1. Among what's in the stretch 104-116 and is of a type in the set (S, T, N, Q) and modelled with pLDDT under 95, pick the residue that is surrounded by the most Cβ atoms within 10 Å (Cβ to Cβ).
2. Cβ-Cβ below 9 Å, separation at least six or inter-chain, first residue in the stretch 377-388 and closer than 14 Å to residue 317 by Cβ and outside the structural domain of residue 327 (by TED's automatic domain parsing), second surrounded by 10 or more Cβ atoms within 10 Å (Cβ to Cβ) and at pLDDT 95 or above: which pairs?
3. Are any of the residues in the stretch 172-179 touching a residue at least 24 places away in the same chain (Cβ under 8 Å) and closer than 30 Å to residue 42 by Cβ?
4. Of all residues in the stretch 470-480, which are part of a helix (DSSP H, G or I) and touching a residue at least 60 places away in the same chain (Cβ under 8 Å)?
5. Can you tell me which residue within the stretch 242-275, out of those that are among the aromatic types (Phe, Trp, Tyr) and surrounded by 15 or more Cβ atoms within 10 Å (Cβ to Cβ), is nearest to residue 399 (Cα to Cα)?
6. For residue 179, are the conditions met, namely being in a loop (DSSP other than H, G, I, E, B), surrounded by fewer than 22 Cβ atoms within 10 Å (Cβ to Cβ) and at pLDDT 95 or above?
7. I'd like to check something: does the stretch 126-137 contain any residue that is closer than 30 Å to residue 10 by Cα, modelled with pLDDT of 95 or more and buried (at least 18 other Cβ atoms within 10 Å of the Cβ)?
8. Is it the case, given these coordinates, that residue 45 is crowded, with 20+ Cβ neighbours inside 10 Å, over 23 Å from residue 108 (Cα atoms) and touching a helix residue (DSSP H, G or I) at 6+ places or on another chain (Cβ under 8 Å)?
Amino acid sequence: MADPKGFLRYTRETAPYRPVEERKRDWLEVHTHMPPERLQKQAARCMDCGVPFCHLGCPLGNIIPDWNDLVYRNKWHEALRRLHATNNFPEFTGRLCPAPCETACVLGINQPAVTIKQIEEHIIEYGFEKGWVEPEPPPIRTGRRVAVVGSGPAGLAAAQQLNRAGHWVTVFERADRIGGLLRYGIPDFKLDKKILDRRLQLMEAEGIQFQPCVNVGVDLTAPELLAAFDAVVLTGGSTIPRDLKVPGRELKGIYFAMEYLTQQNRLNAGDYIPPEQRITAEGKRVVIIGGGDTGADCLGTAHRQGAKEVYQIELLPKPPLERDEFTQPWPTYPMVLRTSSAHEEGGIREWSINTRWFEGDEHGNVKRLHAVRLEWYTDPSGRRQFREIPGSEFSLDVDLVLLAMGFLHPQHDGLLDALGVEYDERGNVRTIDYATSVPGVFAAGDMRRGQSLIVWAIAEGREAAHYVDKYLMGRTYLPLTGAKLL
């Protein structure tokens with residue numbers, strides 16, 4: 001363990017974001033880094049808690065107290081090895097994960113939790129700086145060939161694990177670049193794409209083949225896929241967005257969040273998009289419908305594009321500032337108000353609002369959003385319901401509307417229907433131990449479990465690789481995640 005009295009000697013401290021007015025003028029990552037000696041004091045706060053519930057809070061089952069102790073003792077190389085034992089891509093989770101491990105931290109019962117996420121990111125960046133992160137090609141090859149369809153975090157994790165088991169792995173991606181959500185869904189100010197490319201280069205050096213611009217199910221048919229590979233892992237994600245079916249939805253100027261975020265990421269990558277096709281918030285009044293992380297990503301993007309005014313509205317009520325110990329007791333992941341870097345940069349947040357209809361001008365452009373405020377209550381059966389508050393109707397002048405209300409399920413038409421996989425009641429791919437109803441075909445990530453966190457996607461990819469390897473070889477040495485074992 002770290003310093004036995006560290007949690008008494010030191011208070012929680014996190015590295016600050018870059019100044020708001022500075023970061024709003026560029027697309028660089030918003031966060032800064034803490035000097036190693038100060039970070040070691042944060043690691044020293046990890047206490048001898050007996051049962052480390054942070055293991056359970058983390059979907060990957062990261063061995064958090066171990067690498068906290070190693071950081072405290074200045075054994076960074078050993079800390080990196082311990083971190084990589086359970087997490088293929090700590091440089092992604094260290095930047096993007098909402099840190100359910102910290103909400104499960106035992107110290108968090110009566111003090112601010114250990115800064116686990118910050119320490120995790122610094123370990124991997126220190127490792128890259130020192131040259132410790134190197135390709136790890138397998139010593140032998142099995143001769144088996146595996147196709148991974150989808151290059152998001154689940155697909156990349158599955159690919160790396162299966163490659164390390166000795167299989168020949170090809171990752172297919174229908175977009176023009178590898179990375180899936182990491183490439184086109186996450187803004188550069190949260191994840192510099194150089195960080196993604198750095199990891200992809202390592203994976204290529206390990207022997208993994210990447211095939212972008214291949215729409216599997218069209219360019220490569222389902223029968224051709226099954227004939228060419230010994231196993232297939234479907235990791236295409238949950239890609240069908242939840243729409244807002246209200247009058248005026250067809251007006252120009254209303255877009256899904258991923259249309260907006262993807263285009264800006266392409267522009268940042270140097271792609272040319274004709275001005276008349278660009279979705280921009282410059283000088284516009286913007287409304288983002290949806291209060292989650294994707295909505296916040298749209299908010300930060302709109303700030304950088306020079307929006308005149310931005311509202312982010314949410315159907316659900318405003319979360320509390322602190323966890324409710326009766327309904328959301330420790331160590332569960334609480335639904336509390338979270339303020340992202342984008343929220344610190346400006347904009348107006350509103351909760352308990354239902355959009356009724358959109359009004360347009362004579363040219364078919366959206367010009368006004370009409371909405372009503374809601375009252376939430378619990379019915380006799382214990383279910384939460386809402387009703388409109390009489391007389392609370394209002395409208396907002398708007399030039400751009402972004403729908404960030406989540407996703408329903410993966411795309412069925414094309415590959416999934418051609419393969420004939422079964423779906424569950426939510427429209428996701430049904431699996432047993434990650435195996436679909438089609439022999440040799442497996443599924444992982446959002447395509448299987450529904451829209452979730454990047455850390456869950458990596459955990460899903462690792463676990464799917466375990467079962468694929470067992471299917472191919474009759475046994476496996478690939479580990480399950482710690483969360484699965486618990």
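1. 111
2. That search, which allows pairs on different chains as well, returns nothing.
3. Pass one, the stretch 172-179, residues touching a residue at least 24 places away in the same chain (Cβ under 8 Å): 172-179.
Among the residues that remain, those that are also closer than 30 Å to residue 42 by Cβ are: none.
Among the residues of the stretch 172-179, not one is touching a residue at least 24 places away in the same chain (Cβ under 8 Å) and closer than 30 Å to residue 42 by Cβ, which makes the answer no.
4. Of all residues in the stretch 470-480, those part of a helix (DSSP H, G or I) come to 470-473.
Within the stretch 470-480, 471, 472, 473 qualify.
5. Within the stretch 242-275, the first condition is being among the aromatic types (Phe, Trp, Tyr), and the residues that meet it are 255-256, 260, 272.
This time we only want the ones that are surrounded by 15 or more Cβ atoms within 10 Å (Cβ to Cβ), so: 255-256, 260.
Values: 255: 11, 256: 15, 260: 14 Å.
Among those that are among the aromatic types (Phe, Trp, Tyr) and surrounded by 15 or more Cβ atoms within 10 Å (Cβ to Cβ), it is 255.
6. Answer is no for this residue.
7. Taking the stretch 126-137 first, the residues closer than 30 Å to residue 10 by Cα are 126-130, 132.
Still in the running and modelled with pLDDT of 95 or more: 126-130, 132.
From what is left, the residues that are buried (at least 18 other Cβ atoms within 10 Å of the Cβ) are 126-127.
Within the stretch 126-137, one or more residues are closer than 30 Å to residue 10 by Cα, modelled with pLDDT of 95 or more and buried (at least 18 other Cβ atoms within 10 Å of the Cβ).
8. Details: crowded, with 20+ Cβ neighbours inside 10 Å: yes; over 23 Å from residue 108 (Cα atoms): no; touching a helix residue (DSSP H, G or I) at 6+ places or on another chain (Cβ under 8 Å): yes.
Criteria not met by residue 45.
The values are calculated or read from the model by the stated rules, or taken from the named source; none is laboratory data. All figures in this text were calculated on a predicted structure; none of them were measured in a lab. Cβ: placed from backbone, ideal geometry, glycine included. Neighbour counts: every protein chain shown.
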